[in-house]
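Quick one: the structure is below, questions incoming.
The values are calculated or read from the model by the stated rules, or taken from the named source; none is laboratory data. Predicted, not measured: the structure shown is a model, and the values here were computed from it. Cβ placement follows ideal geometry from the backbone for every residue including glycine, while neighbour counts extend to all protein chains displayed.
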There are 4 protein chains.
Amino acid sequence: MSHDADTASLIWSRAMALYAEDRTCQSLGIVVSDIASGWARLQMRVDETMLNMHGTVHGGYLFLLADAAFAYAANTHGPVAVAQSAQAVFLRPALSGDLLVAEAEERTRVGLNGIYDVTVRRPEDETVVAEFRGHSVLLPGKPGAAG
Amino acid sequence: MSHDADTASLIWSRAMALYAEDRTCQSLGIVVSDIASGWARLQMRVDETMLNMHGTVHGGYLFLLADAAFAYAANTHGPVAVAQSAQAVFLRPALSGDLLVAEAEERTRVGLNGIYDVTVRRPEDETVVAEFRGHSVLLPGKPGAAG
Amino acid sequence: MSHDADTASLIWSRAMALYAEDRTCQSLGIVVSDIASGWARLQMRVDETMLNMHGTVHGGYLFLLADAAFAYAANTHGPVAVAQSAQAVFLRPALSGDLLVAEAEERTRVGLNGIYDVTVRRPEDETVVAEFRGHSVLLPGKPGAAG
Amino acid sequence: MSHDADTASLIWSRAMALYAEDRTCQSLGIVVSDIASGWARLQMRVDETMLNMHGTVHGGYLFLLADAAFAYAANTHGPVAVAQSAQAVFLRPALSGDLLVAEAEERTRVGLNGIYDVTVRRPEDETVVAEFRGHSVLLPGKPGAAG
């Protein structure tokens, strides 16, 4: 295999080792559909148990999906990265039955700190549902599950 | 009944009408344990399906609980309030089996905008797990479920 | 002197030692009007050089005043605390000539992390101009200027 | 002139009309070095009056520079856009004498809402000093200075 293919394969195996422990993503049917260094795309199908008091998808689940994409992107480098803080802006409502896709992209890394931007979209009509920014820190001395 | 008792009763009936529609809180066992004007306390028992890739409670669920408390507090005034943005800082890990309590308090309201601060605590040892701030907007012309 | 008076005096002397180095506050006429453990009140008189393209006070100066109050509150404990991140919501415009007061209050401290909430008010009519939340970290091993 | 050159020229003339009112940028020597639709680059030379209690550039000035870049980018479309909220992460200290460059880029626009990401860099060594995200709203019915 080429060097690039080796790297891609290592990143996938790390992500899958993390996914094997990730009860939240498993139980909600959140799937890692693509992953690369500092980048991840996850998807989730919304169901009726995810609706809020106004009948639209609960902001907590929109955040959770974005946060999960952030976690997979931030943990592609090897050492364990955990979320320190995050912020979400809710731009459009999502509805029961919607397929949502969250794409997380590394914006910057400085020392132990990383910043990741995540956009949550409804691919059906390509509209943006939410924008998220997460701030991660590496736990020094803690290698990742597959690191 | 006194005027205060009337108001308390109205706030409770509004909250319960919203809760009746709130599939997220119902399905996760999130309970509104106390509510007053601009203020709400909710609780959730963490289970194993809420764990992340590191074996602690997923930040998405910590956010969701805080966001739910924010929504109930912001909707105590009558008109429909929706979350526009929110930010969370994760301070300590929570574990499977933990009971978590989120207390939301109105910080300020200006025109259609409101800001609510939510602290997520583990009452067993009174430690703070997360701090959350939410920014709501009222939807003009939309009375709340029980408004 | 009583113990409380000793502590108050120590906090004031620390703050003044920091102020002596603080070229920003000095040059903008920002004054520390009151200070206590984890808490500070600062004030600034807005002038015409602080207006933005719309003729109201630049959000940057509203943030700066809040950030300064946050810094003094976070540095009342002795060790050097620095801002890691902060967020501001702009609720009402301020105008040239306004006196603005920023009150910073410690919300929580966990390990090296602290969260401080700052409200910027116009005392003349007691309206809230901006709400700010700052996240600080202590630099271990670095005693404060007067620590 | 080509259509593109017309648009570029219109965007520049709008920005300069706004700059003519912008006492903050003028008085701090902040310059708009480049601008395009939804995008702006501004620069500022740090001087000693911008230092904080720790002898590094005050976070308030880093925020202000980013906020200014955000404002110019958000006002390239014609209608008046104002900042509703913003968040900054401080990644590295900047020092007196540093030239700082802030690049603002539109991330998304939905209805009256816009989200802009700003990176503050020190071009001398290409390091990132701060990351900023601003949330703007259009004021309906208010044409921009040159709109």
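Is it the case that A:Leu42 is closer than 30 Å to C:Ile115 by Cβ and part of a strand (DSSP E or B)? So that I can check it myself, show each step before the final result.
Working: closer than 30 Å to C:Ile115 by Cβ: yes; part of a strand (DSSP E or B): yes.
Spelling it out, A:Leu42 is indeed closer than 30 Å to C:Ile115 by Cβ and part of a strand (DSSP E or B).
When residues of the stretch C:43-74 are filtered for being within 22 Å of A:His135 (Cβ to Cβ), more than 7 Å from every other protein chain (Cβ to nearest Cβ) and in contact with a Gly (Cβ under 7 Å, 6 or more places away or on another chain), how many remain?
So in the stretch C:43-74, the residues within 22 Å of A:His135 (Cβ to Cβ) come out as C:59-60, C:63-64, C:66-67, C:70-71, C:73-74.
Adding the requirement that they be more than 7 Å from every other protein chain (Cβ to nearest Cβ) leaves C:66, C:70, C:73-74.
From what is left, the residues that are in contact with a Gly (Cβ under 7 Å, 6 or more places away or on another chain) are C:70, C:73-74.
Going through the stretch C:43-74 one residue at a time, the tally reaches 3.
Can you pull out the residues in the stretch C:94-109 that are within 14 Å of chain D (Cβ to nearest Cβ) and among the hydrophobic types (A, V, I, L, M, F, W, C)?
C:Ala94, C:Leu95, C:Leu100, C:Ala102, C:Ala104
Out of C:Val82, C:Val57, I need the residue that is hydrophobic (A, V, I, L, M, F, W, C) and surrounded by fewer than 24 Cβ atoms within 10 Å (Cβ to Cβ). Which one?
Exactly one of C:Val82, C:Val57 is hydrophobic (A, V, I, L, M, F, W, C) and surrounded by fewer than 24 Cβ atoms within 10 Å (Cβ to Cβ), namely C:Val82.
Okay, next question. Just to check your reading of the model, which residue among B:Ala15, B:Ala66, B:Ala86, B:Ala94 is of a type in the set (Gly, Ala, Ser) and in a loop (DSSP other than H, G, I, E, B)? Even if it seems obvious, please write down each step before you answer.
Working: B:Ala15 fails: in a loop (DSSP other than H, G, I, E, B); B:Ala66 fails: in a loop (DSSP other than H, G, I, E, B); B:Ala86 fails: in a loop (DSSP other than H, G, I, E, B).
The conditions single out B:Ala94.
Could you pull out the residue among B:Ser37, B:Ser2, B:Ser27, B:Ser33 that is in contact with a helix residue (DSSP H, G or I) (Cβ under 8 Å, 6 or more places away or on another chain), away from every other protein chain (no Cβ under 11 Å) and surrounded by fewer than 16 Cβ atoms within 10 Å (Cβ to Cβ)? So that I can check it myself, show each step before the final result.
Working: B:Ser2 fails: in contact with a helix residue (DSSP H, G or I) (Cβ under 8 Å, 6 or more places away or on another chain); B:Ser27 fails: away from every other protein chain (no Cβ under 11 Å); B:Ser33 fails: in contact with a helix residue (DSSP H, G or I) (Cβ under 8 Å, 6 or more places away or on another chain).
Only one candidate qualifies: B:Ser37.
For residues that are of a type in the set (Lys, Arg), at pLDDT 95 or above and out of contact with any Gly (no Cβ under 9 Å at 6 or more places or on another chain), tally how many sit in the stretch D:100-147.
Initial filter on the stretch D:100-147 (of a type in the set (Lys, Arg)): D:107, D:109, D:121-122, D:133, D:142.
Within this subset, residues satisfying the condition of being at pLDDT 95 or above are D:107, D:109, D:121-122, D:133.
Now narrow it down to the ones that are out of contact with any Gly (no Cβ under 9 Å at 6 or more places or on another chain): D:121-122, D:133.
So the count comes out to 3.
Yes or no: A:Ala74 more than 22 Å from B:Ala66 (Cβ to Cβ) and touching an Asp or Glu at 6+ places or on another chain (Cβ under 8 Å)? Don't jump to the end; show me each part of the working.
Values: more than 22 Å from B:Ala66 (Cβ to Cβ): no; touching an Asp or Glu at 6+ places or on another chain (Cβ under 8 Å): yes.
Against the criterion (more than 22 Å from B:Ala66 (Cβ to Cβ) and touching an Asp or Glu at 6+ places or on another chain (Cβ under 8 Å)), A:Ala74 does not qualify.
Within the stretch A:123-130, is there a residue that is in contact (Cβ under 8 Å) with a residue 60 or more places away in the chain and assigned to a strand (DSSP E or B)?
yes
Then there's this: Given D:Leu112, D:Leu91, D:Leu139, which one is away from chain C (no Cβ under 13 Å) and surrounded by fewer than 24 Cβ atoms within 10 Å (Cβ to Cβ)? Outline the logic, then answer.
Values: D:Leu91 fails: away from chain C (no Cβ under 13 Å); D:Leu139 fails: away from chain C (no Cβ under 13 Å).
Checking each option against the conditions leaves just D:Leu112.
Read through the list (1) modelled with pLDDT of 95 or more; (2) assigned to a strand (DSSP E or B); (3) surrounded by fewer than 18 Cβ atoms within 10 Å (Cβ to Cβ), then give the number of the only condition that A:Thr49 fails.
(2)
Let me ask another. Between B:Gly78, B:Gly29, B:Gly38, which is modelled with pLDDT under 95, on the phi > 0 side of the Ramachandran plot and small (Gly, Ala, Ser)? Show your work before the answer.
Working: B:Gly29 fails: modelled with pLDDT under 95; B:Gly38 fails: modelled with pLDDT under 95.
Of the residues listed, the single one that is modelled with pLDDT under 95, on the phi > 0 side of the Ramachandran plot and small (Gly, Ala, Ser) is B:Gly78.
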